[in-house]
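**Student:** The following block contains the structure, expressed as structure tokens.
The values are calculated or read from the model by the stated rules, or taken from the named source; none is laboratory data. These figures come from a predicted structure and were not determined experimentally. Neighbour counts are summed over all protein chains in view; Cβ atoms, including those assigned to glycine, are modelled from backbone coordinates with ideal geometry.
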Ligand SMILES: [Zn+2]
Ligand SMILES: [Zn+2]
């Protein structure tokens, strides 16, 4: 079938809305008419080739839509179901069997190659396949072929622009706090970088009962929003004295870095209390590395780890996030700005400039 997709042709180039051809769904896949898709920094990293995905490509990995056709073997979804599509995983490898799909041994195929596991793509243009299964969906399009592996049914009552960010950004921030760090009430946390991931971490830290909750960002507007969402302290962070600023506040039991900036990560490490944990969730420039004092790591029992998609199993964690949203404890709508699909380049530019936190494209 003919679809309209946002195609990236060159590194750091514009998204162009173009006609493409979409195959029918394969085994374990469904055809979805896309209602909305969030714009995540990983999409921008792929466009800019920090993630060297083959171009041309159709990106987008926070898709909301309605199922129009089922592929072979799909039994737990029906035509007409409204769904949210989270990241791709194989469902069979050791990590997937251990309920850690974010660490699927084949996750790199969906992320770095943007194809199905067999290397094929459901999208083609002018008779040639293009990258069209990014995160097992490529949902910056009117329609997508998506894997049902990490797909969840979505209540009709949830606005599309609220649901979309749960697929990646909100899941990453909230999951890192609640699942990976297992944050406890009364413990202190610093959140470095207050984009969608960081602000979701702050909302989750409030749900967990953490105190104090320290938000760090360069932009006053983001720090104001962080306070509205639960931050008890804010630090307008310049890297030079960030560690000292956090230590002045007593140091922290947990730190979450969403910046991917090595100097920020190193500062956060110095501010950890004994047995404190630092989670790194920000995509860094290729080859970036950090320097840590090994004795400081060992003698204080500190932990430093990377976290993908909040350690979450989407089929169980996203319904939990939806429950928090319904209860008013996860006001995702405060992060979101809506854009028509045709405004995709404005959405990306406004995200990069910091004008908006979470752009969500509405396809209809
Ligand atoms: Zn797997
Ligand atoms: Zn993402």
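**Student:** Out of 120, 147, I need the residue that is at pLDDT 95 or above and more than 16 Å from ligand 1 (Cβ to nearest atom). Which one?
**Tutor:** 120
**Student:** Give the residue, chosen from 333, 309, 342, that is in contact (Cβ under 8 Å) with a residue 24 or more places away in the chain, over 19 Å from residue 216 (Cα atoms) and surrounded by 21 or more Cβ atoms within 10 Å (Cβ to Cβ).
**Tutor:** Only one candidate qualifies: 309.
**Student:** Now for a separate question. Of 81, 76, 50, 118, which residue is closer than 27 Å to residue 330 by Cα and out of contact with any helix residue (DSSP H, G or I) (no Cβ under 8 Å at 6 or more places or on another chain)?
**Tutor:** Sole residue among the options that is closer than 27 Å to residue 330 by Cα and out of contact with any helix residue (DSSP H, G or I) (no Cβ under 8 Å at 6 or more places or on another chain): 81.
**Student:** Tell me which residues, restricted to the stretch 268-308, are more than 18 Å from residue 210 (Cβ to Cβ), assigned to a strand (DSSP E or B) and out of contact with any helix residue (DSSP H, G or I) (no Cβ under 9 Å at 6 or more places or on another chain).
**Tutor:** Selection gives 306 alone.
**Student:** Does residue 112 count as within 19 Å of residue 58 (Cα to Cα), surrounded by fewer than 24 Cβ atoms within 10 Å (Cβ to Cβ) and within 16 Å of ligand 2 (Cβ to nearest atom)?
**Tutor:** yes
**Student:** Residues of the stretch 86-99 being within 8 Å of ligand 1 (Cβ to nearest atom) and either touching a residue at least 40 places away in the same chain (Cβ under 8 Å) or touching a helix residue (DSSP H, G or I) at 6+ places or on another chain (Cβ under 8 Å) (or both), which ones?
**Tutor:** 89, 90, 91, 95
**Student:** Return the only residue of 127, 119, 102 being within 21 Å of the chain's Cα centre (by Cα) and either free of Cβ contacts under 8 Å to residues at least 40 places away in the same chain or assigned by TED's automatic domain parsing to the domain that holds residue 30 (or both).
**Tutor:** Criteria check complete, one pass: 102.
**Student:** The conditions are (1) touching a residue at least 40 places away in the same chain (Cβ under 8 Å); (2) outside any loop (DSSP other than H, G, I, E, B); (3) over 30 Å from residue 10 (Cα atoms), and residue 165 fails exactly one of them. Which is it?
**Tutor:** Condition (3) is where residue 165 drops out.
**Student:** Is one or more of the residues making up the stretch 168-178 in contact with a helix residue (DSSP H, G or I) (Cβ under 7 Å, 6 or more places away or on another chain) and within 16 Å of ligand 1 (Cβ to nearest atom)?
**Tutor:** No, the stretch 168-178 has no match at all.
**Student:** What about residue 319, is it in a helix (DSSP H, G or I) and surrounded by fewer than 21 Cβ atoms within 10 Å (Cβ to Cβ)?
**Tutor:** So residue 319 fits the description; yes.
**Student:** OK, next. Quick check: is even one residue across the stretch 309-329 within 16 Å of the chain's Cα centre (by Cα) and closer than 28 Å to residue 12 by Cβ?
**Tutor:** Scanning the stretch 309-329 turns up at least one residue that is within 16 Å of the chain's Cα centre (by Cα) and closer than 28 Å to residue 12 by Cβ.
**Student:** Here is a further query. Quick one: count up the residues across the stretch 68-109 that are within 16 Å of ligand 2 (Cβ to nearest atom) and out of contact with any strand residue (DSSP E or B) (no Cβ under 9 Å at 6 or more places or on another chain).
**Tutor:** Count: 7.
**Student:** In the stretch 171-204, what residues are within 13 Å of ligand 2 (Cβ to nearest atom), over 11 Å from residue 257 (Cβ atoms) and assigned to a helix (DSSP H, G or I)?
**Tutor:** 171, 172, 173, 175, 196, 200
**Student:** Residue check: is residue 64 buried (at least 21 other Cβ atoms within 10 Å of the Cβ) and either modelled with pLDDT under 95 or touching a helix residue (DSSP H, G or I) at 6+ places or on another chain (Cβ under 7 Å) (or both)?
**Tutor:** So residue 64 fits the description; yes.
**Student:** In the stretch 30-58, what count of residues is obtained for those that are under 20 Å from residue 352 (Cβ atoms), in contact (Cβ under 8 Å) with a residue 60 or more places away in the chain and away from ligand 2 (no atom under 16 Å from the Cβ)?
**Tutor:** 2
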